[in-house]
Amino acid sequence: MNSKVYETAGTGGMAFYLCGPTASGKSALALEMADKLDGEIVNADAFQLYRGLEILSAAPSSAELASWPHHLYGVLKPTVAADAQLYVNLAKPVIAEIQSRGKTPVITGGSGLYLKFLTHGAAPLPTADAVLRAEMDARPLDDLVAQLRQLDPVEASRTALQNRRFVSRALEICLLSGEKASDLRDGWEAKTAEISSQLRGVVIQRSRPVLHARIAQRTRAMLDGGALEEVAALADVSTNCEKAIGFREIRALAAGEIDRATCEDLINAATRQYAKRQETWFRREKWLTEVQL
RNA sequence: GGCCCGAUAGCUCAGUCGGUAGAGCAGUGGAUUGAAAAUUCACGUGUCGGCGGUUCAAAUCCGUCUCGGGCCA
């Protein structure tokens, strides 16, 4: 059934990437692949990194974690605001250490940006600055766009100017570095193709009806399996964790603003939309071998 | 049985004075190198419940039937 996956994986040694949309069955396949490749599983999911979000993030169960070496699951406190570079800083040494023992890292997850940073490296850009971001968040978008146009017309011309996040980040780079974001980014982009040719991995695909059914099943299991208690226990969380799908919905349920069925529907819809975005992302990663399950 | 209200996109609904219909949500496709489970862009033909009638022209007016919901018996 997974002969194409095995073929892509080869005989082990190199890191193997196992990607796919949420609820596609990555975790189960990871266990299988780790066994096959004499490997160890490394998390590449932005939310499974956190402790206390196990149910919402559909992290592997404690039984699964105990059954085989897993790395980078539940390693961050919910108050920490992670980002792609922080993830790479955590993952690189873990992967190297696994390889030094002659094992194969099976890097498993669906966070496209985190995976991209890990596989292709980071552009030489300044790190996010919380204070500057807060300042920019308080300004009108038009104002940010005008300043970006002035500081870096090239970047402004190729940025989606309706997207506040993208405009802010481009501007942030210019302001923190004193250089043009476009110049800093160009150097990095030129090198990505060569890197891709040396990577090895698969992206799991499932038909939409199947994926949607799996999502619905999982949402129900989450809500029945302690997600409400988990959210209730998360008193102090970073703004990262607040964005976990299900967090707001379950808060609303607990507050009596919506009923259980509505909560379930909302979580399902948000999860389906997320899965679609993941598919769009991975479709562009041509180095991944598509595997239909 | 009588009366009233409703029936329009997958869902919830809008539709002015008659000129063959459009919002939100859902869905689909895209963008996306330090917030990414984030953020953002694009995409709207559907027996206007059925049948008849009036009219140059009906989602819209009239009749009737069907199915909901309600009130009175």
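The values are calculated or read from the model by the stated rules, or taken from the named source; none is laboratory data. Because the structure is a prediction, the values reported are computed rather than measured. Here the Cβ positions follow ideal geometry from the backbone for every residue, glycine too, while neighbour counts run over all protein chains shown. When the accessible area is computed, the model is the full protein with side chains, heavy atoms only, and any ligands, DNA or RNA have been set aside. Shrake-Rupley method; radii C 1.70, N 1.55, O 1.52, S 1.80 Å.
A few notes on this one:
- Here, P(r) means the percent of Cα pairs in each 10 Å bin from 0 to the largest distance; for chain A it is 6, 24, 32, 26, 11, 1.
- Residue-averaged 222 nm ellipticity for chain A, from DSSP H runs of 4+ at -39500 (n - 2.57), nearest 500: -16500 deg cm²/dmol
- Rounded accessible area per residue of chain A, 1.4 Å, Å²: 50 Å²
- Placed amide H near A:V42: partners under 5 Å, 5+ positions off or other chain: A:H71, A:V106, A:I107, A:T108
- Each Lys and Arg adds +1 at its Cβ and each Asp and Glu adds -1 at its Cβ; summed about the Cα centre, chain A shows a dipole of about 680 debye.
- Rolling a 1.4 Å probe over the protein heavy atoms of chain A, with every protein chain left in place, gives an accessible area that is 54 percent carbon and sulfur.
- Nonlocal amide H pairs with A:E290, under 5 Å, H built at 1.01 Å: A:V203
- Considering segment A:66-207, its Cα convex hull presents a mean projected area of 12.0 nm².
- Selected from A:N163, A:N89, A:N268 as most flexible by GNM, with chain A as the system and alpha-carbon contacts under 10 Å: A:N163
- When the pairs A:K26/A:K276; A:K77/A:K243; A:K36/A:K191; A:K92/A:K191; A:K36/A:K286; A:K77/A:K191 are compared against a 27 Å limit on Cα-Cα distance, A:K36/A:K191; A:K77/A:K191 fall above it.
- Most fluctuating residue given options A:A275, A:A244, A:A59, as computed from a GNM of chain A linking Cα atoms under 10 Å: A:A244
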